[in-house]
Every structure is written in C-alpha cells, then in structure tokens.
Amino acid sequence: MSLSNRCAGSLPPDAARIVPDHYDVIGDVAVITLPDALLPYREVIGRCITEERHNIRSVCMRTAPVAGTRRTAGYAVIFGREGTETVHREYGCPYHLDVKKAFYNPRLASERNRVAKQVREGERVLVPFAGVGPFVIPAAKRGGQVTAIEINPDACRYLRENVRENDMEDMVTLIEGDAMQLLASCGGEYDRAIVPTPYGLNTALDEVIPLIRRGGVIHFYTFTVPQETDILAAKFRGMGCVVNRIRRCGHVAPGVSRWVYDLRRR
Ligand SMILES: C[S@@+](CC[C@H](N)C(=O)[O-])C[C@H]1O[C@@H](n2cnc3c(N)ncnc32)[C@H](O)[C@@H]1O
C-alpha cells in the first residue's frame, strides 16, 4: 500500500492526495519532504510511516535543503524518538552517522557499489570529500589502500568509527581538513580517485588529476544540466583525460542532475 493510501483514513481527502509516496530510509530514520499544506498533518504522516516500516524509530521532515561546506540539511523530527543518530547498512557494511550532522544519501548505494566493484586488490585509492565513508569502506574491502579526506569533524568521527567497525584500520588513512588545501600534500601515483564533489567545487578536479598515475581512473561526480554534459566532457578531455563514461545518478533540482564522469588519465 502506498503512503498516501495508508494516510487516507486519517487525513482530509485533499491532504491525503498530496502525501508523497517516496521517503528515504537511513538506518532506523525515515526522511520525508512535505509541502507546506501538509505541515498540520506531519505527526499523522510520521505515524503512518512507522506503521508501514516497523523498523523506523524516528521520522524527520526536511526543513532546509543541503547547504554549506558540510553539505548537511535541516531536519525536524515529526514522529518517534528525538535522536537521529543511527546505523545504516549498505551492501553489508554498517555506517554509523547522525542524519543531522553528516551528509548521507542512501539513493547512491548502487552507484557506490558500481564503483567499488572496479577496485582491485592493492590499488591506491584517493577519496576526497569522504563523508562518513560509503565510498571509502567498500573500496578498502576490495583491497584498496584508501586515503580519505573530509572537512566535517562529525563526519570524520563517524568515518573513524566506521573504519573500525568494518575492520578496515589497516586499509584507510583519514586526513581531517580542507581537501582543496590538503590534496597537494597527499603524494601521487594513485591508481584511482573517487571524487564525490560538493556543489560548486568542480576545481577539485584540477587538484586531483596530477595525483593520479597515467592510465589511472577518476570517478568525478558533478552537478549540471543535460545540455552541458558534452561541454564538460570536452573540458575534461582538454585537461588530459579520456572520458570513458558519463552517467546520470540522481536529480538534485529542477533540470539539474548529479552526473558521474568515469575518466582515465592519459
Ligand atoms: C556530497 S558529500 C559526499 C559525502 C560522501 N562521499 C557520500 O557519498 O556520502 C560531500 C562531503 O564533502 C565534505 N566537504 C565539503 N567541502 C570539503 C572540503 N573543502 N574538504 C574536504 N571535505 C569537504 C562535506 O563535509 C561532505 O561530507
């Protein structure tokens, strides 16, 4: 049964009709975006979510979009437990995080798995903008020796915990701070970089390319409109990369999507 149908018995018909059927689940926290017209009914909607997903202990609604250096959004708990710290499992790996304190997008799980499957034993892998580690841990589990960089101290705390919990201490080096300043001192000759670029930091690619060995791979995530993807590809070619693949991985705003460019350094 859809969420709107489940809510129908508890809401006026006009309200039930506009209840979104999609919400994200991060561990035992559900996250939903509600239009203003549904705010008076938020608690009922939260309860209905817990009735259809019995493992959910907190339901949050988004109160502000992802923003700022740490890429965190605003959330308010509308039903259940006040806390938003949780453990999310993705492809068998546990990730501790607090939804309010660190970025996490469960919709990228299959994309992260696609990239992780390409990592070979012994590869040197660079992951700037590492967050709580959903690109880091799978690469390490595949046998990659991973250098991760992250600026948000809360995300770093969870990433350390996640490295421990997943038994990857020997495989991951975490550098806490600003990747744009630290990349230059991260050494070079990496086999692969996974770059989940925050909005507006496309210049990270200029810093990353020189650190990758010739023939090495860069998975570069960026935000753009479909009409611009070929222009970006031409730019990346001009920066010394072969563009192996361009793939859309999620909408972020009207007309704007997240794209991954799989690049190979010439
Ligand atoms: C889009 S999120 C990606 C997080 C993670 N890789 C994931 O997929 O869940 C970007 C991350 O980059 C971090 N960040 C933003 N600016 C940064 C910078 N200049 N240096 C290092 N990390 C940064 C944010 O704190 C956030 O955790």
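Where a number appears in this text, it was derived from the coordinates with a stated rule and is not lab data. Note that the coordinates shown come from a computational prediction; the quantities given were computed from them, not determined experimentally. Heads up, the Cβs are rebuilt from the backbone with ideal geometry, glycines too, and the neighbour counts pull from every protein chain shown.
Across region 145-266, the fraction of Cα-Cα pairs farther apart than 18 Å, rounded to a whole number, is 56%. By DSSP, the beta bridges lying fully in region 102-265 are antiparallel in about 50 percent of cases. Here the translational diffusion coefficient of region 1-66 follows from Stokes-Einstein with Rh set to the Kirkwood radius across Cα pairs; for 20 °C and 1.002 mPa s it amounts to 180 µm²/s. Along the chain, the longest continuous region that contains none of the chymotrypsin sites (Phe, Trp or Tyr not before Pro) in a DSSP loop with at most 16 other C-beta atoms within 10 Å is 92-198. When the Cα positions of 253, 241, 224 are compared along the charge dipole of region 212-253, 241 comes out farthest toward the positive end, with charges on each C-beta of Lys, Arg, Asp and Glu. Relative to the Cα centre, the charge distribution of region 58-125, modelled as +1 at Lys and Arg Cβ and -1 at Asp and Glu Cβ, gives a dipole magnitude of about 200 debye. Stretched out straight at 0.36 nm per residue, the stretch from residue 237 to residue 67 would grow longer than its current Cα-Cα span by 58.2 nm. With the largest listed first and rounded to whole Å, the semi-axes of the equivalent ellipsoid of the chain from the Cα gyration tensor are 36, 21, 15. With a threshold of 29 Å on the Cα-Cα distance, the over-threshold entries among 141/235; 101/235; 101/141 are 141/235; 101/235. Rounded to the nearest Hz, the phi-derived 3J(HN,Hα) couplings of region 191-200 under the Karplus curve 6.51 cos²θ - 1.76 cosθ + 1.60 (θ = phi - 60°) are 7, 7, 10, 10, 10, x, 4, x, 3, x, where x marks glycine and proline.
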